[in-house]
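These notes are about the structure you will find just below.
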Amino acid sequence: MSKEAAYRAACVRADDTRAQLAVSAQAAKARIAPARLKQDAVTKVKASALDGVAYAAAKAQQRPVAIGAAAAAFGLFLARRPLAALFGRLYVRFRKQDTDLPEIDDG
């Protein structure tokens with residue numbers, strides 16, 4: 001191969017490499033666009049949420065009593081103030097019933 005043919009082949013390879021670099025740069029630019037990043041993030045969050053729900057459903061099917069007890073405990077935790085107020089009112093009502101008895105004086 002002569003020097004001129006080698007030079008032309010090197011120029012062709014350089015042009016091909018330059019074209020590949022330009023295509024790669026355009027693809028990278030499109031990939032780091034804010035809209036694309038947002039789309040990727042939303043897709044990953046949705047996929048993670050669906051995986052989590054599927055995992056929780058599988059575990060709930062394996063241990064329904066434990067999941068039910070945990071859900072009941074969490075529900076009681078969330079309703080602790082209304083429940084405390086209810087039991088407080090009931091306690092006062094039951095206590096006042098005993099004090100309503102008339103006193104007998106043997107005097």
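Here's the picture: charge each Lys and Arg Cβ at +1 and each Asp and Glu Cβ at -1 in the chain, and of 65, 52, 88 the one pushed furthest to the positive end of that dipole is 52.
Here the chain is assigned +1 on the Cβ of each Lys and Arg and -1 on the Cβ of each Asp and Glu. Its dipole about the Cα centre then comes out at about 1000 debye.
Before I look further, what does the chain give for accessible area per residue, probe 1.4 Å, in whole square angstrom?
Spelled out: the 1.4 Å probe surface of the chain, per residue, equals 93 Å².
Taking the 1.4 Å solvent-accessible surface of the chain as the whole, the part contributed by carbon and sulfur is 64%. Helix 34-62 and the longest principal axis of the Cα set of the chain meet at an angle near 50°.
The values are calculated or read from the model by the stated rules, or taken from the named source; none is laboratory data. None of the values given here were measured: they were computed from a predicted structure. Cβ coordinates were reconstructed from backbone atoms using ideal geometry, including for glycine residues, and neighbour counts include every protein chain displayed. Heads up: the accessible areas ignore ligands, DNA and RNA and are worked out on the full protein's heavy atoms, side chains in. Shrake-Rupley method; radii C 1.70, N 1.55, O 1.52, S 1.80 Å.
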